[in-house]
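Notes to accompany the following structure.
Just so it is clear, none of the values below were taken in a lab; they were calculated from the coordinates. These numbers come from a predicted model, not from an experiment. In this analysis, Cβ positions are derived from the backbone assuming ideal geometry, glycine residues included, and neighbour counts consider all displayed protein chains.
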Amino acid sequence: DAKTTQPTSMDCAEGRAANLPCNHSTISGNEYVYWYRQIHSQGPQYIIHGLKNNETNEMASLIITEDRKSSTLILPHATLRDTAVYYCIVFNAGGTSYGKLTFGQGTILTVHP
Amino acid sequence: EAQVTQNPRYLITVTGKKLTVTCSQNMNHEYMSWYRQDPGLGLRQIYYSMNVEVTDKGDVPEGYKVSRKEKRNFPLILESPSPNQTSLYFCASRAFSYNEQFFGPGTRLTVL
């Protein structure tokens, strides 16, 4: 699976949009971009995933560049409960690493009042 | 409620005393796996199972055993725990037809 690069930490004001970037310049054509987050030491929580097109769900939006070498996770109205470590993962759901998520160090997002 | 449960949530034990951490999911998922999380090392996969009676090693299987006799359960067994197995453990499951992986709440294990 392709490697990802994320900033170590970011800050965001409550109520503002949080934009978390991820670089995955070596992504291959059949690899998806997944985002998970981990609050304190709880189990990681799935947020969103995409292949080529931008995606939106009730939690967030995912913007993937046309060349697929980078993406941005957007939390439109961050709250204090969104303070967490956010992981960007590139994953081939049907490949030989089926099921194994390779977590990097992620981005520590701190939402402040 | 769809969920993955783990027990115990916290455990302090001594070197060499066999222990089992249970994992159960109620979503009829085929795939289940165990991860451990250590500071600076992220989450690393220990074992996984593609279905009943089908298990395989992940990246860090040494010192662990698993079994998958029923679809819903995937216990993690430490036959002779050592202090380097002190860690935070997560069980996870997913369906083959769906990309989201569900994680349990974690088990914090301390081996003295």
### Estimated FRET transfer efficiency when R0 is 30 angstrom, pair residue A:28-residue A:58 (beta carbons, to 0.05)
0.55
#### Entry: Likely footprinting exposure, B:98, A:87, B:89, fewest C-beta neighbours within 10 Å first
B:98, B:89, A:87
### Query
Tell me, which longest segment in chain A has none of the GluC sites (Glu not before Pro) that fall in DSSP loops with at most 11 further Cβ atoms within 10 Å?
A:1-57
### Extension gain (nm, one decimal) between residue B:97 and residue B:69, 0.36 nm per residue minus Cα-Cα
7.9 nm
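Partner chain Cβ atoms within 10 Å, averaged over the residues of A:38-50 - can you pull that number for me? Display every interim value, and only then the final one.
Numbers: counts 5, 0, 1, 6, 5, 15, 9, 4, 6, 1, 1, 2, 0.
The per-residue average across the peptide is 4.
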## Note on the structure
The simple spin-label model distance between residue B:52 and residue B:112, using points 7 Å out along Cα→Cβ, in nm, is 4.1 nm
### Two-decimal Rg to Rh for the protein assembly as shown - Kirkwood Rh, Cα set
0.98
### Message
When a/c reaches 1.5 or more, the comparison of a/b and b/c decides; with that in mind, is the stretch B:1-46 rounded, prolate or oblate per its Cα gyration tensor?
### Response
oblate
### Query
For the stretch A:27-112, what class follows from the C-alpha gyration tensor (a ≥ b ≥ c being the square roots of its eigenvalues): rounded when a/c is under 1.5, otherwise prolate if a/b is larger than b/c, else oblate?
oblate
### Query
Dipole of the protein assembly as shown, Cα-centred, from +1 at each Lys and Arg C-beta and -1 at each Asp and Glu C-beta, to the nearest 20 debye?
580 debye
### Summary
Quick calc, residue B:1 & residue B:88: beta-carbon distance into FRET formula, R0 25 Å, rounding 0.05, result 0.60
### Task
Starting from one equal scatterer on each C-alpha and no solvent at all, send me the Debye-based log10 I(q)/I(0) for chain B at q = 0.17 Å⁻¹, two decimals.
-0.74
### Task
Tell me, for the protein assembly as shown, which Cys residues have no other cysteine's C-beta sitting closer than 4.7 Å.
A:12
### Query
Within chain B, which is the longest segment containing none of the trypsin sites (Lys or Arg not before Pro) that sit in a DSSP loop and have at most 13 other Cβ atoms within 10 Å?
B:19-68
#### Entry: Antiparallel DSSP beta bridges within chain B, as percent of all bridges there, nearest 5
90 percent
### Summary
Expected sort for B:93, B:67 with the fewest Cβ neighbours (10 Å cutoff) up front is B:67, B:93
#### Entry: Proximal lysines relative to residue B:57, as straight alpha-carbon distance under 24 Å, when same-chain residues fewer than 8 apart are discounted
A:3, A:100, B:17, B:18, B:65, B:69, B:71
### Task
List A:33, B:54 from most exposed to least, where exposure is judged by having the fewest other Cβ atoms within 10 Å.
B:54, A:33
